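Chemist: Before anything else, here's the structure in question.
The values are calculated or read from the model by the stated rules, or taken from the named source; none is laboratory data. All values derive from a computational prediction rather than experimental measurement. Positions of Cβ are generated from backbone atoms using ideal geometry, with glycine treated the same way; all protein chains shown enter the neighbour counts.
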Amino acid sequence: MTDRLPSALPLAALVAVSAALGLIFLWAPTEAVQGDVQRILYVHVPAAWLAYLAFAVVAVASVLVVASGPERWDRVAASAAEVGVLFTTIVLVTGSIWARPTWGVWWVWDARLTTTLVLWAVYVGYLLFRSLTPPGARRARVAAVIGIIGAIDIPIVHFAVTWWNTAHPEPTVISRAGPQLTSEMLTTLLVSLAAFALVFACLLALRVAQMSARERLDVLEAHV
Amino acid sequence: MSEALGWLAAAFGVVWAALALYLWRLAREQRRIADRISRIEGRADDHR
Amino acid sequence: MRTLGRLVWKEALVESRGLERASTLLFFGAAVLITLQFALPPGAEARPLAAGGFAWATLLLASMLEVRRTFDSERRDATLDGLRAAPVDPVLILSSKLLASLVLLGALAAVVVPVTAVLFGGDLTRVLEAIGVAVLGLVGVLGWGLLLGAMSGQTRSGELVVPVLLFGLLVPQTIACVRLLGHLLGGAHLESTLTGYVILIGFDLVSVGTSIVLFDYALEE
């Protein structure tokens, strides 16, 4: 009944994750300024890129719900939002854990961090809205509207927060990845990105399949 | 070095915990779906 | 145009029949302000600078109440669908509610802004411009706020959901209003008010515009 995931996908994800962990801890060189704590970025940066990708998927899927009907794209939007919130949580927490030994503070209100926090809040709200609305075409439409206005809002948030920060310009430029990215670091980063991307694809596909199964079961249970 | 280890453990621990929690949720949902399927098949058999 | 007038009048009638909405908002605003004023110590230098922020926070919280309550009578009598079924452009329904709520919240702003300035040792010389900023800000709040308020009708605990979403979505408006109000009421430094106004009015246009476009679709059964 559930659409079968091509088993190659989770397998590939497992291999990639193992490879990434190996590279991160055993192969990537220790960074000169930040020390070993810098290895957190091999997780933090890919997670961030994929979190933003997830929300792009939510935005596009929401538009498609409005354009071509709620059935299939609503599931994609909801699944992408779930995975997006998961990854964004990882980004925010690993970012804080990295920031404390590196910058001396757990958090700064710079444009990128603040926008990511607002992004997290908006999509948590999106999921909350869904969970509190009875399932059906109406919920899909309402969710699509929220997805669209969320997508329109985030660039405006980024712009506004950047302006807000001009009131107190940062005295030092906070560099994220460090002064130099050696080729070993880049390789490790890319492998980690591949691993995260595969995990993302697995989770998304699985979640969409589950939602589809659930909907079909709802129909069947009504008839049997 | 041991201090860095602490931070690394915390960060990777959080990532692992978050993914594990989500996968556990997915597994629970999968079980629920399987239950509903067998219940429906049971009901369908009863009708025959 | 006449239909708009009639709809706004309908909103006003619902309001004047019990002045509950207006007075509740006023008392709510007062309660919030009195609580927030304890956030800073009495003689703190930051008090005038924070006046704008606290005024906006009060107005935001009051708006959260208003965007749900404005649909209360429709929810009670299940007339929202009736309104939509009537040959009235849904744009007019939204506009009439927006205007009615704006009058209510605007009146609240006219009280909250000066009172906050006074309570926080701020400056009243530009208070009229400050009230104007607050009202412009409220337009942006109401655009998406009313859309969400209408959409949350069918949800359980709709009251919870609207604020959770709305606060996040309104961050740009909050930033613009707080910086402008902080400048007008507390003398906070602001190189140019232009960007603030651009964000303020731009947000209004985006918020109200997208709400008008999406309102009918969002409420389709």
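Chemist: Pull out all pairs, ordered by first then second residue, where Cβ-Cβ is under 6 Å, the residues are six or more apart or on different chains, the first lies in region A:141-159 and is more than 7 Å from chain C (Cβ to nearest Cβ), and the second is charged (D, E, K, R) and surrounded by fewer than 24 Cβ atoms within 10 Å (Cβ to Cβ).
Modeler: Every condition considered, the pairs that remain are A:ALA143/A:ARG130.
Chemist: Additional query: Go through region C:18-50 and give me each residue that's at pLDDT 85 or above and touching an Asp or Glu at 6+ places or on another chain (Cβ under 9 Å).
Modeler: Correct list: C:LEU25, C:PRO48.
Chemist: When you scan region C:146-155, do you find a residue that is under 11 Å from the mean Cα position of the chain (by Cα), of a type in the set (A, V, I, L, M, F, W, C) and facing another protein chain (nearest Cβ under 8 Å), even just one? Quick ask: steps written out before the conclusion?
Modeler: Pass one, region C:146-155, residues under 11 Å from the mean Cα position of the chain (by Cα): C:146.
If we keep only those that are of a type in the set (A, V, I, L, M, F, W, C) as well, we get C:146.
Then drop every residue that is not facing another protein chain (nearest Cβ under 8 Å), which leaves none.
No, region C:146-155 contains no residue that is under 11 Å from the mean Cα position of the chain (by Cα), of a type in the set (A, V, I, L, M, F, W, C) and facing another protein chain (nearest Cβ under 8 Å).
Chemist: Within 7 Å of chain A (Cβ to nearest Cβ), over 16 Å from the mean Cα position of the chain (by Cα), hydroxyl-bearing (Ser, Thr, Tyr) and assigned to a helix (DSSP H, G or I) - does that describe any residue in region C:156-167?
Modeler: Checked against the condition, which is being within 7 Å of chain A (Cβ to nearest Cβ), over 16 Å from the mean Cα position of the chain (by Cα), hydroxyl-bearing (Ser, Thr, Tyr) and assigned to a helix (DSSP H, G or I), region C:156-167 yields no hits at all.
Chemist: Kindly establish whether A:GLU82 is among the acidic types (Asp, Glu), at pLDDT below 90 and out of contact with any strand residue (DSSP E or B) (no Cβ under 8 Å at 6 or more places or on another chain).
Modeler: no
Chemist: Between A:PHE87, A:PHE25, which is within 21 Å of B:ARG25 (Cβ to Cβ) and of a type in the set (Phe, Trp, Tyr)?
Modeler: A:PHE87
Chemist: Still on this structure: Can you work out which of the residues in region C:121-149 that are of a type outside the set (A, V, I, L, M, F, W, C) and surrounded by fewer than 20 Cβ atoms within 10 Å (Cβ to Cβ) is nearest to C:LEU166 (Cα to Cα)?
Modeler: Ranking the candidates gives C:GLY132 first.
Chemist: Next question, about the same structure. Can you name the residue in region A:97-111 that is over 19 Å from A:VAL33 (Cβ atoms) and free of Cβ contacts under 8 Å to residues at least 24 places away in the same chain and, of all such residues, is surrounded by the fewest Cβ atoms within 10 Å (Cβ to Cβ)?
Modeler: Per the stated criteria, the residue is A:TRP106.
Chemist: Okay, moving on. Restricted to region A:1-33, and to residues that are over 17 Å from the mean Cα position of the chain (by Cα) and buried (at least 19 other Cβ atoms within 10 Å of the Cβ), which residue is modelled with the lowest pLDDT?
Modeler: A:GLU31
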